[in-house]
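Everything on this sheet refers to the single structure shown next.
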Amino acid sequence: MRISAYDLPVHTHDHATATGRNRGRLLVALAVTASVALVQVVGGLLSGSLALLADAGHMLVDSLGLTVALGAAVLAARPATSVRSYGWQRAEVLAALVNGLLLLGVAVWVVAEAVRRWDSPPEVATGLMLGTAVLGGFANVVALLVLRPAHQESLNLRGAYLEVLADLVGSVLVVVAALTIWATGWTRADVVASLLVAALVLPRAWSLLGEVLHVLLEATPRGLDLDEVRQHLLEVPAVVDVHDLHAWTITSGSPALSAHVVVDRACVEGGAVGQVLDQLSRCVDDHFDVEHSTFQLEPVGHRDHEPVGHA
């Protein structure tokens, strides 16, 4: 008989996703980022600065990523159904995947354009370049302050925060390049700055894609040691063995766990199954912060009747 910890009145769970809880912060960051990105596109085209266009392209991708994240948050808030037992919570992870791929695309474009311009860098209107970059940096600081309190709660929020942080660094690089061109006339400083912006984007895109793949491959949540979990479960009275122990992440902030737990015959015959389930649920919740747990309780010897392949 399979008994889920969801059936027990042990805890009250909050099923709102981290991104959904912080939707207002994402909206503010989106408004700021999109507005400044458009200003930077115009400034980059008028000034002829590749570095400014690179930073603008980065911010436009960030704006699109925030839009996708917000849409995913709306989907993730929809209730579960018999067809989608977890609802649309994984939409947030797919949004992070799209964001990572877009960041990667921007970085590749910037590098290709920088290589093309290296031998014959165009003239740059440094005044317009500098003013636009300063405006972008100020806007990035505002967006960072908005996102910082919640940036560790989900992949999308963390991705958005890191994107805005990189935008800020990009704006600083554009400012330095503009000042260098104004002071020395070395126009390749604009190309160098654009390459540095691309160098900022690439590792972040790679890291974000790695986190997404970790979730989509249903790997054990980072920081959760299954051997330690098994040991804690074995310390619950009446528990003889634990097998088929699995843990995965539904979406950011929502780890899940399942296990087959072998209990002694006294537990089964004495009607203590409910008490053991309570203890198992509290164990993984209190010690490992896993609320979504499902346990199959089995009497000693039942494992011999299970299909081959259970571990």
(request) Only one of these is surrounded by 18 or more Cβ atoms within 10 Å (Cβ to Cβ), hydroxyl-bearing (Ser, Thr, Tyr), modelled with pLDDT of 80 or more and assigned to a helix (DSSP H, G or I): THR19, THR33. Name it. (result) THR33
(request) Name, by its number, the condition in (1) within 29 Å of GLU92 (Cβ to Cβ); (2) out of contact with any strand residue (DSSP E or B) (no Cβ under 7 Å at 6 or more places or on another chain); (3) modelled with pLDDT of 90 or more that does not hold for LEU257. (result) (2)
(request) Just give me the residues in region 177-213 being buried (at least 17 other Cβ atoms within 10 Å of the Cβ) and not aliphatic (A, V, I, L, M), in sequence order. (result) THR180, THR187, ASP190, SER194, ARG204, GLU211
(request) Could you tell me whether VAL142 is surrounded by fewer than 18 Cβ atoms within 10 Å (Cβ to Cβ), in a helix (DSSP H, G or I) and touching a residue at least 60 places away in the same chain (Cβ under 8 Å)? (result) yes
(request) Only residues in region 28-53 that are over 23 Å from VAL191 (Cα atoms) and without any contact (Cβ under 8 Å) to a residue 40 or more places away in the chain count as the first member; pair them with residues that are crowded, with 17+ Cβ neighbours inside 10 Å and small (Gly, Ala, Ser), Cβ under 7 angstrom, at least 6 apart or cross-chain, and list the lot. (result) ALA34/SER63
(request) Please indicate, with yes or no, whether at least one residue in region 58-79 is farther than 22 Å from VAL174 by Cβ and more than 21 Å from the chain's Cα centre (by Cα). (result) yes
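Just for region 214-224: of the residues that are of a type in the set (A, V, I, L, M) and out of contact with any Pro (no Cβ under 9 Å at 6 or more places or on another chain), which one is surrounded by the fewest Cβ atoms within 10 Å (Cβ to Cβ)?
Result: LEU217.
Conditions (1) in contact with a His (Cβ under 8 Å, 6 or more places away or on another chain); (2) among the β-branched types (Val, Ile, Thr); (3) at pLDDT 90 or above; (4) not in a helix (DSSP H, G or I), marked per residue:
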| site | (1), (2), (3), (4) |
| --- | --- |
| ASP241 | no, no, yes, yes |
| ASP244 | yes, no, yes, yes |
| TRP248 | no, no, yes, yes |
| CYS267 | no, no, no, no |
| LEU280 | no, no, yes, no |
| CYS283 | yes, no, yes, no |
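Listed here are the residues, each with its yes/no results for (1) under 30 Å from LEU280 (Cα atoms); (2) crowded, with 23+ Cβ neighbours inside 10 Å; (3) at pLDDT 75 or above; (4) not β-branched (Val, Ile, Thr).
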residue: ILE3; (1), (2), (3), (4): yes, no, no, no
residue: LEU50; (1), (2), (3), (4): no, yes, yes, yes
residue: VAL61; (1), (2), (3), (4): no, yes, yes, no
residue: GLY87; (1), (2), (3), (4): yes, no, yes, yes
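The values are calculated or read from the model by the stated rules, or taken from the named source; none is laboratory data. Keep in mind that this is a model prediction, so the values were computed, not measured. Here the Cβ is made from the backbone with ideal geometry for all residues, glycine too, and neighbour counts use every protein chain on show.
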